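The values are calculated or read from the model by the stated rules, or taken from the named source; none is laboratory data. Everything numeric here is computed off the predicted structure, so don't read it as measured data. All Cβ positions, glycine included, derive from the backbone under ideal geometry; neighbour counts span all protein chains shown. Just so you know, the surface numbers come from the protein's heavy atoms only, side chains and all, with ligands and any DNA or RNA stripped out. Shrake-Rupley method; radii C 1.70, N 1.55, O 1.52, S 1.80 Å.
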Amino acid sequence: GEVRQYLTEYERDVIRPHVLGNFRDLLGAVAHSPAMLFYLDNFQSSTPNAAAAMTPDVQRRLQDPRLSPAERQLMMQRLQQAKNNMPRGLNENYGRELMELHTLGVDGGYTQQDVQQVARALTGWTIDQPRTGGGFIFRAPMHDYGDKTILGVHFPAGHGEDEGEKVLDLLAMHPQTAHHIAFELAQRFVA
């Protein structure tokens, strides 16, 4: 379908420059790739919790005593309009693919809870104007700012895009990832 518009860029800018380099760099390039975000629907994945959609920065601005009641009301109206236009709901496709295919493998020792937590950490990782071939963008209002635990590692609340990067670090450095990738490469070379 529409993912076709991203395939040339995916192969040219994501796979080829990283295929013989550092695995974490390749994983990061893939995770930020509009082709993957679009194909696995992560560009629509967002927090289903309306309260979590308000970023810490917006909360601070709303509590500013210098804000007049009219300005506060206008800000709240704009927030509500943005929330109404924003897709709501967690999509686990991308989190599952990162764990199953790109890192740990199908039998990698993770749970459904881990998949959900990775998906939550990657909310807000989306595409700027996806129908027109835009690039990666992090949209803070779509992100789930709650605390998460992935593979026994606690991620405290309040983090945004950096949280997704830390999850990629965790998955890339996990011993099961080394085993899975080495096994896949060995199978490929033997075949």
Subject >> Leading residue by the ranking (surrounded by the most Cβ atoms within 10 Å (Cβ to Cβ)) among those in the stretch 130-150 that are closer than 19 Å to Q113 by Cβ and without any contact (Cβ under 8 Å) to a residue 60 or more places away in the chain >> reply: I150
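Condition check ((1) exposed (fewer than 15 other Cβ atoms within 10 Å of the Cβ); (2) within 18 Å of E165 (Cβ to Cβ)) across all residues:
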residue: E92; (1), (2): no, no
residue: G109; (1), (2): yes, no
residue: Q113; (1), (2): yes, no
residue: T123; (1), (2): no, yes
**OP:** Report, by residue number, each residue of the stretch 10-24 that is surrounded by 12 or more Cβ atoms within 10 Å (Cβ to Cβ) and closer than 16 Å to T103 by Cα.
**Re:** I15, H18, F23, R24
Original post:
In the list G146, G158, G164, G134, which residue meets the criterion of being of a type in the set (G, A, S), under 11 Å from R120 (Cα atoms) and assigned to a loop (DSSP other than H, G, I, E, B)?
Top reply: G146
Original post:
Being within 26 Å of R120 (Cβ to Cβ), part of a helix (DSSP H, G or I) and either among the aromatic types (F, W, Y) or modelled with pLDDT of 85 or more (or both), is that true of even one residue in the stretch 41-62?
Top reply: yes
**OP:** Scan the stretch 25-51 for residues that are open to solvent by 50 Å² or more (accessible area, probe 1.4 Å) and over 16 Å from the mean Cα position of the chain (by Cα) and report the count.
**Re:** 2
Original post:
Taking the stated definitions as given, is R120 out of contact with any Lys or Arg (no Cβ under 9 Å at 6 or more places or on another chain) and either more than 16 Å from P34 (Cα to Cα) or outside any strand (DSSP E or B) (or both)?
Top reply: no
Original post:
Taking the stretch 94-107 on its own, how many of its residues are part of a loop (DSSP other than H, G, I, E, B) and open to solvent by 40 Å² or more (accessible area, probe 1.4 Å)?
Top reply: 2
